[in-house]
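Trainee: Pasting a structure below so you can have a look.
The values are calculated or read from the model by the stated rules, or taken from the named source; none is laboratory data. If you're wondering where the values come from, they're calculated on a predicted model, not measured in any experiment. Cβ: placed from backbone, ideal geometry, glycine included. Neighbour counts: every protein chain shown.
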Amino acid sequence: MEDRQAVSEPSARSGVRANLPSWDATDAHILDRAAALISTRGTARLTIAELAREAKVSRPTIYRRWSSVDEVVRAALLRRTALLLSGFETAVSTRAELVAEAVRFADAFRQDAVFGSLLASEPEAFTQYSLERIGTSQRVMLRWLADAIVHAQLGGTVRPGDADDMSIMMLLIVQSAVLSHNAVSALIGEAEWHTELTRAMDGYLRP
């Protein structure tokens, strides 16, 4: 179980990349094969035996690293999130830049082969693995958000407030928008969705 802890750290402009977890070559290979299986078969049908065949490793090799399918899924989705976050701008200093990057994250998440598949066919699994608890990937995003908020506050483009608290609310806004997108896509166009999400975050941060 992960203990609740502060989400921002006094690491001067460390950005997303410095906080991302890393994997050795074998772990990365297995998790990438797991992600590919999840994108085509979902989480419920994933088995260690099938993953071992796809990754061309033995089942004991997998079990030495992860004790269950659930742990494999969580690790694979963490790696997938880390790969998305690695492309993010690390020197965000204004409200406009922060909001633009947050919207870009929402788009990247929805368009990703793995997360997009979960959102379309297994939204309950997306909720279980991405939203039910604050894990490593969420903490990385929260650190980035808090850091960007602090620097935008220094520049006067973001209102005063506790950056950790504000980063949590920003993450909730993005996650809620991503999770509900498919449900409301018949009611709101893509361009309008972007516009309203941008306004929601900009209005929340505006002085």
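Trainee: Might you let me know whether the range 112-126 holds any residue that is within 10 Å of the chain's Cα centre (by Cα), surrounded by 16 or more Cβ atoms within 10 Å (Cβ to Cβ) and not assigned by TED's automatic domain parsing to the domain that holds Arg41?
Mentor: Scanning the range 112-126, I find at least one residue that is within 10 Å of the chain's Cα centre (by Cα), surrounded by 16 or more Cβ atoms within 10 Å (Cβ to Cβ) and not assigned by TED's automatic domain parsing to the domain that holds Arg41, so the answer is yes.
Trainee: On the basis of being more than 16 Å from the chain's Cα centre (by Cα), of a type in the set (Val, Ile, Thr) and on the phi < 0 side of the Ramachandran plot, does Val92 make the cut?
Mentor: yes
Trainee: Right, next: Conditions: (1) farther than 24 Å from Ala120 by Cβ; (2) at pLDDT below 95; (3) over 16 Å from the mean Cα position of the chain (by Cα). Asn19 meets all but one. Number of the miss?
Mentor: It is condition (3) that Asn19 fails.
Trainee: If you take the residues of the range 134-164 that are under 18 Å from Thr94 (Cα atoms), assigned to a helix (DSSP H, G or I) and not aliphatic (A, V, I, L, M), which of them is farthest from the chain's Cα centre (by Cα)?
Mentor: Among those that are under 18 Å from Thr94 (Cα atoms), assigned to a helix (DSSP H, G or I) and not aliphatic (A, V, I, L, M), it is Gln153.
Trainee: Taking the stated definitions as given, is Ala102 touching a residue at least 24 places away in the same chain (Cβ under 8 Å), at negative phi and crowded, with 16+ Cβ neighbours inside 10 Å?
Mentor: Yes: the conditions hold for Ala102.
Trainee: Applying the selection to the range 127-145, what residues are buried (at least 20 other Cβ atoms within 10 Å of the Cβ) and either more than 14 Å from Tyr204 (Cα to Cα) or modelled with pLDDT of 95 or more (or both)?
Mentor: Tyr129, Ser130, Ser137, Val140, Met141, Leu142, Arg143, Trp144, listed by residue number.
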